[in-house]
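Below: the structure, in structure tokens.
None of the figures in this text is laboratory data; all of them are computed from the coordinates on show. Everything numeric here is computed off the predicted structure, so don't read it as measured data. Counting neighbours? That spans all protein chains shown, and the Cβs are built from the backbone with ideal geometry, glycine included.
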Amino acid sequence: MIKKIEWSCFGLCNEITSDYLALQLGLYQPFIINEENVDQIEAYMKAPKKLQFDSYCIECKKESTFKFLTQRGGIPAYPPEYRPTNFLDRIKSDSPITLLFQCQRDGSHLFYFSLLIRGNKVTKIGQYPSLADLQLHKIDRYRKILSDDYRDFSKAIRLNSQEIGAGSFVYLRRIFENLIEETRQTAAAQEPQWDNSIFDRLKMDEKIKQLKNYLPEFLVQNRQLYAILSKGIHELTEKECLDLFPNVQLAIELILDEKIHQQEKQKKISSVQKFVSATIDRLKS
């Protein structure tokens, strides 16, 4: 495997491994080439045979290892005596560079991405499967519990993969709000003295505290998540939203995980109660 590389992206350094371009770098998100990283970039582009990474295979529907298969386009190989002195000339490419990788479970399953080098920037201009496709399988377990909101969760992930930060937050906040509304309906049905007019006037932080007996404990303890979502939509930059998205998504998943756990626990309790009741009746007869 090629060692970790320091890429400079608009002044920000990202330490990456050889799978960074395939699994983390978004489309049209260029990084800057400079004299400090050009040797490593050149080595990456000229010697890709050792490259491999682990990823979900959308056709196997399982995790797999992808190994380098072939390359289309590339950086010219200069003899040492003719090596350009200008570092940008060393990695100059007249056409996009496409790297193809092969699934080790099934050789017919391929993964590829394309890079464009222009001046001092390298940009990913294409990829299959998309970053969104690689992530969506991870949220399939929430399809049933989210119901109609599953589509919004999918949209949020797709928008984020397309570098649309604030837009992705819109869908995550909608999921959050629908979760609170669903819980309000449960509380109203179970509490005779429940007053919707009072509840509707509360701020989200107060609504969550009002519903604490019905909501996952994680959500009650981290109710400021809603403030982060709202700030992302109205105040934060696209870059800030993109940076925050992975942890916000994780927080939503933790809330859903706890809901699933509680549902499964209740099913087990009901099953045991039915068993005990039926067994007692049978033993009495």
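Worth pointing out:
- Footprinting exposure proxy for Tyr82, Tyr171, Tyr56 (fewest neighbouring C-beta atoms within 10 Å first): Tyr82, Tyr56, Tyr171
- Cβ-based exposure ranking for Ser277, Ser197, Ser230, Ser154, in which fewest neighbours within 10 Å come first: Ser197, Ser277, Ser230, Ser154
- Shape of region 136-273, Cα gyration tensor, a/c cut at 1.5: oblate
- From the coordinates shown, Rg and Dmax of the Cα atoms in Å corresponds to which of (i) 20.1, 63; (ii) 25.5, 99; (iii) 17.5, 51: (ii)
- Relative contact order of the chain: 13 percent, from C-alpha pairs under 8 Å at least 6 residues apart in sequence.
- Put a dot 7 Å past the Cα of Ser108, heading toward its Cβ, do the same for Ser277, and the two dots end up 5.3 nm apart.
- FRET efficiency, 1/(1 + (r/R0)^6) with R0 25 Å, evaluated for Glu258 and Asp200 via beta carbons: 0.45
- Dipole check for the chain: with +1 at the C-beta of Lys and Arg, -1 at the C-beta of Asp and Glu, and the Cα centre as origin, the magnitude is about 860 Debye.
- Simple point charges give the picture: +1 on the Cβ of Lys and Arg, -1 on the Cβ of Asp and Glu, and for region 136-273 a dipole about the Cα centre of about 340 debye.
- Ordering Phe66, Phe87, Phe245 by the number of other Cβ atoms within 10 Å of each residue's own Cβ, fewest first, gives Phe87, Phe245, Phe66.
- In a simple Cβ point-charge model (Lys, Arg +1; Asp, Glu -1; nothing else charged), region 26-89 has a dipole of about 440 debye relative to its Cα centre.
- Among the listed pairs Lys92/Lys124; Lys212/Lys267; Lys209/Lys259; Lys207/Lys239; Lys239/Lys259, those beyond 25 Å (Cα-Cα): Lys207/Lys239; Lys239/Lys259
- Span from the region 45-71 Cα centroid across to the region 137-182 one, whole angstrom: 29
- The Rg/Rh ratio of region 42-150, with both radii computed over alpha carbons and Rh defined as the Kirkwood radius, is 1.12.
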